[in-house]
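Laboratory data are not the source of any read-out in this text; all were calculated from the coordinates shown. Not measured: the values here are computed from a predicted model. Don't worry about glycine lacking a Cβ; one is built from the backbone with ideal geometry, like all the others, and counts go over all protein chains shown.
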Amino acid sequence: MTVLVTGGAGYIGSHMVWRLLDAGEEVVVADRLSTGFDWAVPPEANLNIGDIGDPDFIGPLLKRHDIQSVFHFAGSIVVPESVTDPLGYYLNNTVKSRALMEACVKAGVSHFIFSSTAAVYGTPDGMAPVAESAPASPESPYGTSKLMTEIMLRDAAAAHPLRYACLRYFNVAGADPNGRTGQSTPNATHLIKVATQAALNKRPFMEVFGTDYGTPDGTCIRDYIHVTDLVEAHYLALQHLRSSEENLVANCGYGRGRSVLEVIDMVKQVSGSDFEVKLAERRPGDAVSIVANSDLIKDRLGWTPQYDDLEKIVGNALSWEAALERRNRK
Ligand code: UDP
């Protein structure tokens, strides 16, 4: 049974490809390489360069490989960019997901596992961990574009023999502990990526966006999840869809929050680099605290995180960043 990974040349997608190959699955990748890299796809996977929104590309690909299951990672992920280019985000994340779904229905694909996001919740009410039953109320076109895809999937699965899982990611970070892949986007804006770049002198300093929030140290709190635990949740979701009739919408996080300053301290401690940190204004659109209630995924999939440890997340992110630097110097 062959599995398709869209966005398999990107950060999370490439980790998924490795996980599937490790499990002995046949893997086909579809990626247009707009932000991903062909070298991030292991040679054992079958890489096809093209647009998932193009039915003439994706339809024949699904049929040629007799794809039973699709992991859909391809999409745009920068929240502020979605605010300035909402129609671009609705095209990439919503319209193209619809085209992919239609091709899947036509080709008789059985399982669809979708990269969703905690951004569907908007700003949670208070500091408590947010459960899937919380109202969806996205505050950015990015969050809305993902929520619309969740809704399409729900309705398509009710009308056709397709089962699905939507996994709502909290703050994904770290890299493959075996050093095979990691976050390679040069201008990524996420906290741990930026801090590891500062630690390795790839940037002269970094900034903390907002120090006057109502949290113990005044900086925002997030639930950082190791990318390896995240892809494990996807693999378990595939087993679940293969063996049951139940669709799933589930949070992926550890249920524990870390502040921006705690993360920066950890990067300094693990790297041994005392890089410059400037205290800056709040970044527009940041919620004070977003932490997952992860009971559902633990209960339904038996998901047991192996890397719920900020030191490991940071250590793996640093190793990958150093490896990238060596690669770029060649
Ligand atoms: N952040 C920061 N400096 C940076 C990048 C991020 O202070 O250079 C903060 C950001 O304001 C937020 C937290 O780190 O409070 C996590 O941001 P990130 O962009 O990693 O993820 P988000 O939660 O926005 O998806």
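When Val194 is tested against (1) free of Cβ contacts under 8 Å to residues at least 40 places away in the same chain; (2) closer than 22 Å to Ala9 by Cα; (3) part of a loop (DSSP other than H, G, I, E, B), exactly one condition is not met: (3). Within region 205-228, residues that are under 13 Å from Arg282 (Cα atoms) sit with their Cβ atoms under 6 Å from residues that are more than 8 Å from the ligand (Cβ to nearest atom) and of a type in the set (Asp, Glu), at 6+ positions apart or across chains, in these pairs: Gly218/Asp212.
Residue check: Val194 meets all listed conditions (1) under 15 Å from Val288 (Cα atoms); (2) out of contact with any Phe, Trp or Tyr (no Cβ under 8 Å at 6 or more places or on another chain) but one, namely (1).
The strands (runs of 3 or more DSSP E) found wholly in region 203-270 and carrying at least 2 residues that are touching a Gly at 6+ places or on another chain (Cβ under 7 Å) and either closer than 24 Å to Ala322 by Cβ or within 14 Å of the ligand (Cβ to nearest atom) (or both) occupy 224-226. Got a sec? Which of Val314, Val277 is within 16 Å of the ligand (Cβ to nearest atom), more than 19 Å from Arg168 (Cβ to Cβ), in contact (Cβ under 8 Å) with a residue 60 or more places away in the chain and not in a helix (DSSP H, G or I)? Result: Val277 is the single residue among Val314, Val277 that is within 16 Å of the ligand (Cβ to nearest atom), more than 19 Å from Arg168 (Cβ to Cβ), in contact (Cβ under 8 Å) with a residue 60 or more places away in the chain and not in a helix (DSSP H, G or I).
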